[in-house]
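First comes the structure, then the notes that go with it.
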Amino acid sequence: MGSSFASRFVRQLGGRAAVVAGLGLACLAGGAAQAAFPDRPITLVVGFPPGGGGDLYGRLIATAMGKEIGQTVIVENRPGAGGNIAAGLVAKAPPDGYTILLAMSGNLAVSPALKPKTLPYKVPEDFAPIGLILEAPHGLFVATQSRFKTAQEVIQAAKEKELTFASTGTGGAAHIGMETIKELGHLKLLHVPYKGSGPAITDMMGGQIDMFFATASPLVPQVQQGQLRVLALTGSKRSPILPDVPTFKELGIDMTMTQWYGLAAPAGTPPDVVKVLSDNLSRALKEPSVQNAIRKDSAMEHDLPMDQFKQYIVEDIANYRKAATPALLKQIGQ
């Protein structure tokens with residue numbers, strides 16, 4: 001009787017031990033799988049066509065992060081609607097860290113501030129911010145033969161008579177930026193929208209418009225080659241690449257908003273996965289080759305991880321909402 005009871009007890013104990021051991025191994029395996037992120041390529045969705053706009057920054061950071069994280073980061077171009085199509089796709093992607101967005105001021109700040117009802121996503125609710133990559137100033141450009149030699153001359157002239165300025169689209173970050181300058185400086189300016197910088201510059205060279213307001217980085221080579229002149233930049237301090245160009249803030253117009261780029265994952269992405277991505281982005285931004293590529297065209301890397309980047313986005317949305325006068329909202333059809 002005692003022997004039979006002892007045998008049953010040992011068998012039961014052995015079975016329970018096996019279950020406990022199995023659970024322990026499962027937990028260890030789960031932890032190992034979690035710790036192994038990423039174990040396959042990551043897709044970075046970019047809201048520009050290849051070679052256009054922020055695509056170059058997307059490819060730069062994809063290559064640099066791929067080296068740091070030990071997996072390929074594939075750039076997938078989904079252009080359209082100023083980057084909003086790309087943002088909508090990522091917002092609905094599986095929240096596992098394998099699909100991330102090249103976020104920017106246009107799709108995560110300007111559009112949510114000025115036309116939130118037209119978007120298939122909400123900011124910041126539908127995203128898990130990974131980190132800021134860089135900030136690029138907007139610039140006030142004129143033709144080399146323009147009668148305006150300084151920004152002060154433009155400001156003075158625009159107080160007395162209406163001048164025209166071009167941007168690459170109604171409701172874009174640059175358009176809103178110049179409208180903010182117009183309000184803060186009490187200037188008389190008429191916006192003329194274009195579908196791209198090429199046609200805008202052509203018309204400016206031909207004298208049809210007075211000036212062009214745009215993100216400076218793509219146009220710096222033309223400034224350095226003497227094809228254009230830049231009279232002032234946004235941002236809080238002068239660009240090291242263009243040290244002789246004043247900021248609007250120096251000129252008494254406190255407009256410091258910039259074009260920025262960062263990374264974001266879908267909301268619900270596990271915090272430890274977001275941290276892996278954020279840490280590797282931070283390491284990539286410390287690479288001299290990455291810094292040189294960013295700085296050569298007047299932009300500046302800005303390592304701002306996760307919650308800090310989220311707060312940055314929220315504040316930028318607030319800034320654009322402040323700029324949204326009734327007249328401006330009417331212009332953009334809101």
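Assorted remarks:
- Close amide H partners of Ala214, meaning residues 5 or more places away or on another chain with modelled amide H under 5 Å apart, are Gly139, Phe141.
- Where both bridge residues fall in the chain, DSSP classifies roughly 60% of the beta bridges as antiparallel.
- Basic side chains Lys and Arg get +1 at the Cβ, acidic Asp and Glu get -1 at the Cβ, and with that the dipole of region 178-334 about its Cα centre reaches some 200 debye.
- The length gained by stretching the chain between Gln224 and Leu329 to full extension, at 0.36 nm per residue less their Cα-Cα distance, is 34.2 nm.
- Binned Cα-Cα distance frequencies in region 47-121 - 10 Å width, integer %: 19, 48, 28, 4
- A cut-off of 5 Å between modelled amide H atoms, ignoring neighbours fewer than 5 places along the same chain, links Phe48 with Arg78.
- Calculated FRET value between Val314 and Lys161, using beta carbons and R₀ = 45 Å, to 0.05: 0.70
- Every Cα-Cα pair of the chain was included, and the share exceeding 36 Å stands at 29 percent.
- Amide H within-cut-off set for Ala103, under 5 Å, with H built and near neighbours excluded: Gly262, Leu263, Ala264
- Options Ile294, Pro326, Ala265, ranked by Cα towards positive dipole end of region 253-334, top entry (Cβ charges): Pro326
- Normalising the average separation of contacting C-alpha pairs (under 8 angstrom, six or more residues apart) by the number of residues puts the relative contact order of the chain at 25 percent.
- Computed per residue of the chain from DSSP H runs no shorter than four, each worth -39500 (n - 2.57), the mean residue ellipticity at 222 nm is -13500 deg cm²/dmol.
- Kirkwood Rh and Cα Rg combined as Rg/Rh, region 106-222: 1.02
- Fully extending the segment from Glu153 to Lys67, taken as 0.36 nm per residue of separation minus the present Cα-Cα distance, adds 26.1 nm.
- Set against the 2.2 N^0.38 Å expectation for a compact globular protein, region 242-334 has a Cα radius of gyration ratio of 1.39.
- Given charges at beta-carbon only (K, R positive; D, E negative), |dipole| of region 266-334 in Debye: 280 debye
- Dividing the Cα radius of gyration of region 110-164 by its Kirkwood radius returns 1.22 for Rg/Rh.
- Residue among Phe148, Phe127, Phe213 with the largest mean-square fluctuation in a Gaussian network model of the chain, springs linking Cα atoms under 10 Å: Phe148
- Pairs exceeding 25 Å between alpha-carbon atoms, taken from Lys92/Lys330; Lys115/Lys182; Lys195/Lys237: Lys92/Lys330; Lys195/Lys237.
- At full extension, Ser236 and Lys275 could sit 11.2 nm farther apart than now, given 0.36 nm per residue minus the alpha carbon distance.
- Debye, to nearest 20: dipole size of the chain, +1 on Lys, Arg Cβ, -1 on Asp, Glu Cβ: 520 debye
FYI, it's all coordinate maths here, none of it is from the lab. Keep in mind that this is a model prediction, so the values were computed, not measured. Using ideal geometry, Cβ is built from the backbone for each residue, glycine included, and neighbour counts are taken over all protein chains shown.
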